[in-house]
Structure formats: structure tokens, C-alpha cells
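A quick write-up on the structure given underneath.
What follows draws every value from the coordinates through simple rules; no lab data is involved. These numbers come from a predicted model, not from an experiment. Every residue, glycine as well, gets a Cβ built from its backbone with ideal geometry; the counts of neighbours run over all protein chains shown.
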Amino acid sequence: MKRTNKLSAEPRLVFATASLAAALASGCAPSVSTTTTTSAPAPATGAANPLFVESDLPYHAPRFDLIRNEHYQPALEEGMRERLAEIDAIAKQTAPPAFENTIVAMERSGALLNRAAKTFFGVIGANTNDTLQKVQEIEAPKLAANNDAIYLNDQLYQRVKSVYDNRARSNFTPEQMALVERYNRDFVRAGARLSEADKVRVRALNQELSKLSTDFSNKLLAGTKANALVVDNVSDLDGLSADEIQTAAQAAKDRGLTGKWVVPLRNTTQQPSQAELKNRAVRKRLFQLSTMRTERGDSNDTRATIRRMAELRAEKAKLLGYSSWAAYALETQGAKTPENAIKLLTDLAPAATARARTEAADMQKLIDSQGAGFKLEPWDWQYYAEQVRKVRYSLDESQIMPYFELNNVLQNGVFFAANRLYGITFRERHDIPVYQPDVRVFEVLDANGQPLALWYADYFKRDNKQGGAWMDNWVDQSGLMGFKAVVYNVANFTKPAAGQPALLTYDDVTTMFHEFGHALHGMFSNVQYPTLSGTNVPRDFVEFPSQFNEHWALDPIVFAYYAKHYQTGAPMPAALVDKIKQSRTFNQGFETTELLEASLLDFAWHTLPAGAAPADVDAFEATALERYNVAVPQVPPRYHSTYFSHIWDGGYSAGYYAYTWSEVLDDDAFAWFREHGGLTRENGLRFRTMILSKGATEDAATMYRNWRGRDPSVEALLEERGLKADSSVK
Ligand SMILES: [Zn+2]
């Protein structure tokens, strides 16, 4: 059960904007990008534009009460201009290069741009509109050019290099040392050591990649909306609950289709409604709408976009001296090389696919016993899995959902667990402005009652929201800047019809715990320099705190505290709880296989050498899955390439394996808690101090080893997923 949302729980923006923010927090160079950045509207309206000044709200929370669509573009433009000027001054100063006048000066630069970009990208992801999308199309390539102006500025790089080369003789704190090494690495990886001709090419590649990534986002959002299931006859929705049908009627009304029913698409291949829809033809239609959403040859088709992106990434990697984009991307990750990551995935594949085939055979038996007379297809999987689950565990989703009312899960589950572990408390703030009325804001107080952070929750699905779930910061914690963290979680839970409670699936519940785990990582950050703050860690480490936090959803003390019937307040009956626990390893063959398939497709694209992008996307996928020995016909990848947002616009290119890599850590870490008494303040404090507060100030693997007392082992993962028997066949 926790697996599904482990995946649907995607902190896309954790990385997308964290890397941007890191880049933004740095600096710039004067020459090149001035020409590209001055073509748009004059800065203007400084006084009237709330983004131009530091917010005077508590925690410097964004002034969503004042910010309008038209404020973003001038703030981004002026922010880029200011940043270039600041960086120019750093690069051209006559004082010899030193930590303060170069590295720290870069950390302080770009305040306006950082504020404007963080606000803009947060809203673009969660609550976009045509105006903002237009601004993004114009500004994204300029932001890329602005970064290049910094990282390809030789005068600036020579100063950074000088500080770096002298680091052994400098009296740096460990955090300062980490920062200097990070800067030097970022410059080198951006191309600072390339010839002038190659730098010109890198700039052009970054421009085009930035544009393509925005194109992909916009096409995917439009394609997902356009391919919602629309039915004229309510009997087609036979199997859905009365509430779900009411929600579908409302969704139709919202789209001006009164009298019809609309089931919007989730970001994944498989759609939750397939578990309930009795009409096989409707299930098939929904499945095809999902898989074909961006492959219809219309203006939302992404095939040419992703082929081009794969090609350009391979070319950029080659210029920088790497055999592939994956080799380039993984150099700074825990996995270090694509081979190491692929080995973990392909090592898990035999156990996963064997289990998936067994699951398929079980369902075929059920289909045959009902005399249905057809062969199991992907669009049948969830429907029959749900039947098998009912038979085997006599458990169905509609029985458990009344025990998972959103506000109750939040206050008595997510907050309760965090309070028990870390002593923090929460109070809702109605005086902090939001960008959409469904968004809620909470102030987080530390164990000693002192202000710690601000946290926003935006849980309900909207057509103008990207799919999945994620976390990011409006403001990064930093001692240097004197900022506490302002963090948000976004998800896509079904919004109930007016006046109805929001009842969650167990997957939704774990998504809440997951994203809140990222939030804790952001809020507990206790570092000096913004570049090293909070979740700005390697991708294959960033999912560790979030996936770790999922484990508490089923902790007996926590579960008993929140899983209460929304009408009667009665605790979930023990028999039902047992069923949930017993059914946890159910369908894990399917869930592990679809995850491994998607992870390996990511590597198939990003281990391509330059000039090798395939002509036919579908054929390329099929061949890759065969080659990695992970293909199961009834189990399609969790995302097909054409709507795989993580790897094209979400900052997870050659990085989707990170969920699995981090899972080794989170299962191993939870085993430590189990061995040490579970949910205690002592355990929580140790985890907070040694992991959650450190950001990227230490090497992730070292940090883990120090906390755990050894390197992680894959044993706990196999146990959790119930794959152990299959993997050690006698
Ligand atoms: Zn996550």
C-alpha cells in the first residue's frame, strides 16, 4: 500500500526549483546574457510590485494578497538584471579572491530573482494559467542564459578556483569547505573549463533544452486535461461510489459539460477508477486515454519534444566529457554511475516480474472461474486485483476510506507523529495570504515553543495543477540570510463535492506522510548557506526522509490515533487494521515492476550516446524493457516516456531510480527505529540532528553511515515488499 503513493508522491519541484534556486543563489556574469535579458518590458513599477521588496509578513511569506499575474515578469527581468550586476561586481573586483568576497558574496546575490523565481515556479506548478504559462515560455530560456552567464564566466570561475585551490590552507569550517567544493564542482560541470567555442554550444543547448522542457510541461498539462474520460450515460460509471459519481458530475459542470460525467486523468499510466469500473469497455477507454494523452499527433504530442531533448542532453554530456547524460547526472549522486543504479534495478527485476506473473495468473483464474472468457489486459489489472484482494483479505477501499478523513489524518496522524518524534507543534494561521482558497497555512513551533517554520498544504486536484504530489520551499532556511523555512506540500486528492468530507484512500494517506517528510527536511534545516539548505541534496538521497516518514502512517500508536470513523469517531476495527497490514505486500509484483520499468526507461533514454535518439518512441520503449529483462505484457510502465514528467521537466532525468535507491535507505533506517524503540523523542532528536538538519553540508553516504553505524543493506526493502521468498528461490 505504501508503494503506490511512494511513487505518486513526487517532489518534482523539490529538484526542479532546488537546482534553479542553487543556481540562482549563486551569481552571474555580465557579458553574454545582458543582450538576451533586456528585450522585454522595462523593470518599471518597482514600488507597486510586491515581489520587488522582501515580504514584511511573518517568515517573509509571499504576499499572495498583493501579487498579480503581471508582477512576475518584471520581477524576473529586474531580478536577472540585478543579479548580473552583482555578479559582475564580484568578478571584476580588484581584491584578491577570498571566501567572503567571492563565495559568500555569490550566496548573497540574486535576492530579488530568487524570491521572484521561487514564487513564480511554485504557482506555475500548483495553480497555473495562460498568462503565467506565456511568461514561463518567454522567461525560462532567459533564466537558463542568466545561469550560463554566471557559470561560463571565466573571470568569475578563476576566483572560485583560486578559493578552491587554497582550501587546504584556509581555516574553513566543514560547512564552508562543503560550500567551496560545491561551487567549484558546479562551475566545472556547467562547462567553465571548456573552450570558448564549446561554451557557445553549451549555451545554445541550454537555451533549447529550457524551451523544450517548458513545451513538454504545457503539452502534458493540456493533453492530460483533454484526455479526461467523459461519459454521457451514468451507467458507464457503474462501480463508482455515489460520492465519486457526484464528484464526476461536478467535474463535468466545471468544464461546461453539465449533464455529463468527467473523470480526470491522474499523472500515472494506471488510473484509480479502473479498480472500480465494472464496464470493461470503459476501463479500456480510460486506459487508452491515459497512455495516448500525449501521443495523438495533435498539438499536445510530445514525441518529437522528448526525442530532441534526449539528443541534446547526450550532446551536452559529450561536450563535457561524459559518455552519456546519465553518466554526467550520476557523477554527483550517491549511486555515482549509471551502472550502479541499473544494477540495483535489474537485480530486483527477476523477483518483481516473477511475482507479477503469479499475480496475473491468480487474476486469470478468477476471470476464468467467472466464465468471462477473456485474457487479462492492462486495463483489467486493477479491477481484478481489487477482486482478488476482496476475496483474499475481504478488504475493499470503500470500507477503509471513512476512517481516513483528511483533516483528521493531518492533525492526528501526520502532525501527531511529528510531535511525538520531534516535539514540534502546529497552529493554523488564517492571516497568511494564499494563492488559491483551498490552500491552508500552519505555523510550526519547535519543542521549546519558538517559531520554526511556516507550512502550506494544497491538497486538492485542479485542472490547472501539475499531476502528482510534491514539496518545495517559498523561502529556504539560511543563517546567512537570517531566513527560517517556508515550505509547501502539493497533492492531487479528489476534492469532495461541497459540504462532503474529504475521505482518503490509504495511498493518499501515505502521500501526506511522504510529502510531510520532505517538509520536515526543509523545516529542520539548520545551515548557514542557502545553497546547502534543506532538501538541496542529491536526488537519490532526497527521497529518503520522505519515504522514511511514510513508515509512521502504519505505526500502531500513530495509526490508532488518527484512523477513526469520520461520523462516529470509532477507531478502525482491529480486524480491518489487520487486513490492511496483511494486504500490504499484496500486488507488490505489479507495483515493483511498473516502477522498475519506468526507472529503466529513464536510463534507456539517458544512456544513449550522442546522435542516437530513436525514430520510433514506442518501439524504443518495447526494446528497452526486453533488454533489461523487465517486460511483463500486462504491466505497463508506471509512466510511458511521452508523459514521464519527472524526467523531461521535473528535474529527475536519469534520476527516477532515486525512489528505489532511497527506498533501500528508508527501509533500512526504519529497521533501526524498530530496533531502538520506535516512536520516541530520543530517536527523533538523533535523526533530526544527524540527518534532517544537515542539508547538503556533509556527504550523504557519510551522513547515513554515521547515523546508522554502517552502510545500508537491501534486506529490509525485500522484506517490506514481500519479495524475499521470490528472490531466494530454493
Ligand atoms: Zn518524494
For the pair Lys318 and Thr173, what calculated FRET efficiency results from E = 1/(1 + (r/R0)^6), where r is the Cβ-Cβ distance and R0 = 41 Å, to the nearest 0.05? 0.60
Any lysines with Cα under 17 Å of the Lys92 Cα? List them, leaving off those in the same chain fewer than 8 positions away. Lys161
Arranged from highest to lowest average of other beta-carbon atoms within 10 Å per residue, in what order do the peptides 371-379, 606-614, 77-85 appear? 77-85, 606-614, 371-379
Please state, as a whole number in µm²/s, the translational diffusion coefficient that the Stokes-Einstein equation yields for region 82-207 at 25 °C and 0.890 mPa s, with Rh defined as the Kirkwood radius across alpha carbon pairs. 153 µm²/s
Highest mean packing first, using Cβ neighbours within 10 angstrom, the peptides 557-563, 253-259 sort as 557-563, 253-259
Taking every other residue with Cβ under 11 Å from the Cβ of Asp618 and scoring Lys and Arg +1, Asp and Glu -1, one gets -2
Any lysines whose Cα falls less than 23 Å from that of Lys253, other than same-chain ones fewer than 8 residues away, would be Lys225, Lys461, Lys465, Lys495
How large is the helix-only mean residue ellipticity at 222 nm for the chain, computed as the sum of -39500 (n - 2.57) over DSSP H runs with n ≥ 4, divided by its residue count, in deg cm²/dmol to the nearest 500? -16500 deg cm²/dmol
Gain in length, Lys495 to Leu685, computed as 0.36 nm per residue apart minus the alpha-carbon separation, to one decimal in nm? 64.8 nm
Please give the per residue volume of the convex hull enclosing the alpha carbon atoms of the chain, rounded to a whole number of Å³. 161 Å³
Determine the relative contact order of region 584-730: mean sequence separation of Cα pairs under 8 Å and six or more apart, normalised by residue count, in whole percent. 28 percent
In degrees from 0 to 90, rounded to the nearest 10, what is the angle of the helix 658-675 Cα long axis to the longest principal axis of the chain? 70 degrees
Partner lysines whose C-alpha sits under 25 Å from that of Lys375, ignoring same-chain residues fewer than 8 away, are Lys278, Lys284, Lys365, Lys390
Give the percent of DSSP beta bridges with both residues in the chain that are antiparallel, rounded to the nearest 5. 70 percent
17 Å cut-off, amide nitrogen to a point 7 angstrom out along Glu137 Cα→Cβ, residues in region 205-244: 208-224
Please label the shape of region 499-648 as rounded, prolate or oblate, based on the square roots a ≥ b ≥ c of the eigenvalues of the alpha-carbon gyration tensor (a/c under 1.5 means rounded; beyond that, a/b larger than b/c means prolate, else oblate). oblate
Working out 0.36 nm times the residue gap between Asp165 and Gln250, then minus their Cα-Cα distance, what length gain in nm do you get to one decimal? 24.3 nm
So for R0 = 51 Å, FRET eff. of Asn279-Gln93 from the Cβ-Cβ r, to 0.05, ends up at 0.10
So Lys211 and Asn407, fully extended at 0.36 nm per residue minus their Cα-Cα distance, gain in nm 66.6 nm
Note the angle between two axes, namely the Cα long axis of helix 381-393 and the longest principal axis of the Cα atoms of the chain, as a number of degrees from 0 to 90, rounded to the nearest 10. 60 degrees
